[in-house]
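Note sheet for the following structure.
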Amino acid sequence: MAYDETAYRRNTDDEVPSGPAAYRAGVASAEHRHRRPDLTDTGGTRITEPFDTGRLPAWDGRDRLGVHIGWEIVLLLAVAAIAFLLYNQDSAALRRPDLDGLLIMGAAVGLLAMGAGLSLRAGVPNLALGPIALAASLHYAENGDQGLVTSAVPALGIAAGGGLVVALLILMLHIPAWAASLGAACGVIVYDQLRTAPVAVQGTYDPSAHAFWLFGGFALLAVFAGALGTITPVRRLVGRMRPVSDPADRRGGLAALPIVAALVVSSVFAVGAGVLLAARTPDVPVVPGTGLEWTGLAFGAALLAGTSAYGRRGGIFGTLLAVTGVVLFLDYADRRNFDIALFAVAGVLIGIGLLATRLVETYGQPLRPTGAEQDWNAAPTSGVAWSPEMPAPAPQQERWDLGPWGNGR
């Protein structure tokens, strides 16, 4: 047997194939040598999924951020173009007091977008964001006269508790998050539609005095969360629910933390957004509805920001740029009397965001190993391969006594 045959180049603990079928099976199973070691959850169940990249074969490497930076440059140019159009239409839109309204709207949409982006990165999209925001607006409109804290704290507690219940259902039953959150959204919509007429805002809180602080806080939190998501251990922990093989496979005990955090925090963000939307225009009553248009707008902005619909991958400044562009466009459309429904805007944003997801998934995956990083024991594709460190094997001659009945056995 020649030194360059596959049996010599295999690992010492591998079984030498005994025939063509076994050889092909051994080559086909080569991807398992690239997988990370099996993980064991708290219940002792073996988890053999490629945890770090979500692709087969999976090798250890960082997601490339160049595609996110390029996409964020495109978003920056789009925001500059929309701001230029808005300034030409009405320069007062970018000066106080109109600017205060833009900043408050940006903070509200930004909270929704951050909630959607966080739940997307964790692989547990929270479709109840819009109905929760509308419920918070209605609750504040009815109880705002008791004070901001008194009216907002119960809504925050209920939203956090609801997010925790949905997270526990997802963890215990291992069901798709979109289905569980959609069921929760239906329950919240029932609460929203108990009102048969618009509700006048009773509160006296004026967020325009804190407009710069509100938007600045959102911007700082969005950039910090995006930068934190570039750290490899954090990204892997948050994106542990990213689908990689069989979606029914459990992801282990560590998956509980990002699931609970994503659903609870996103629900709390939705409450804050709803209160800001109601307090922003105290003279305009809150109209009961489904709130699903705000869900669409939130996920449209998150996808437009470069957050992958599959989970884990996302940029740094994308959420801030996407929210800024969306708010400027909504104000521009209102000043031009375009009368565009939020559902239409959300649909377009989701469509563009899905294209961005395809871009991120195609060019954001880790680089494939090349050269010396490739598996040294891979089978040769053609011809006879031999190592330059080893002398060329002497040509073998057939011997009559090497058969099964010879004396050389």
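Restricting the range 184-209 to residues that are of a type in the set (A, V, I, L, M) and part of a loop (DSSP other than H, G, I, E, B), the residue that is surrounded by the most Cβ atoms within 10 Å (Cβ to Cβ) is V201.
Being under 21 Å from A128 (Cβ atoms), at pLDDT below 85 and not basic (K, R) holds for only one residue in V234, V238, and it is V238.
Here the condition is being at pLDDT 90 or above and within 29 Å of I259 (Cβ to Cβ); of F299, F329, it holds for F299 alone. Residues of the range 210-228 that are within 23 Å of the chain's Cα centre (by Cα), modelled with pLDDT of 90 or more and either of a type in the set (S, T, Y) or surrounded by 18 or more Cβ atoms within 10 Å (Cβ to Cβ) (or both): F215, F218, A219, A222. If only residues of the range 320-345 that are under 23 Å from L221 (Cβ atoms) and of a type in the set (A, V, I, L, M) are counted, the one that is surrounded by the most Cβ atoms within 10 Å (Cβ to Cβ) is A322. Any residue that is outside any helix (DSSP H, G or I), touching a Pro at 6+ places or on another chain (Cβ under 8 Å) and touching a residue at least 24 places away in the same chain (Cβ under 8 Å) - is there at least one of those in the range 291-307? Yes, the range 291-307 contains at least one residue that is outside any helix (DSSP H, G or I), touching a Pro at 6+ places or on another chain (Cβ under 8 Å) and touching a residue at least 24 places away in the same chain (Cβ under 8 Å).
Among the residues of the range 92-110, are any among the hydrophobic types (A, V, I, L, M, F, W, C), part of a helix (DSSP H, G or I), loosely packed, with under 14 Cβ neighbours inside 10 Å and out of contact with any His (no Cβ under 9 Å at 6 or more places or on another chain)? Yes. Pairs meeting the criteria (first residue in the range 107-123 and within 17 Å of V260 (Cβ to Cβ), second residue surrounded by fewer than 24 Cβ atoms within 10 Å (Cβ to Cβ) and among the polar types (S, T, N, Q), beta carbons under 6 Å, at least 6 apart or on different chains) are lacking.
Take the conditions (1) in contact with a helix residue (DSSP H, G or I) (Cβ under 6 Å, 6 or more places away or on another chain); (2) not in a helix (DSSP H, G or I); I170 misses just one of them, which is (2). A180 satisfies every condition listed in (1) among the aliphatic types (A, V, I, L, M); (2) surrounded by 13 or more Cβ atoms within 10 Å (Cβ to Cβ); (3) not in a helix (DSSP H, G or I) except (3).
The values are calculated or read from the model by the stated rules, or taken from the named source; none is laboratory data. A quick note: this is a predicted structure, and the numbers were derived from the prediction, not measured. Positions of Cβ are generated from backbone atoms using ideal geometry, with glycine treated the same way; all protein chains shown enter the neighbour counts.
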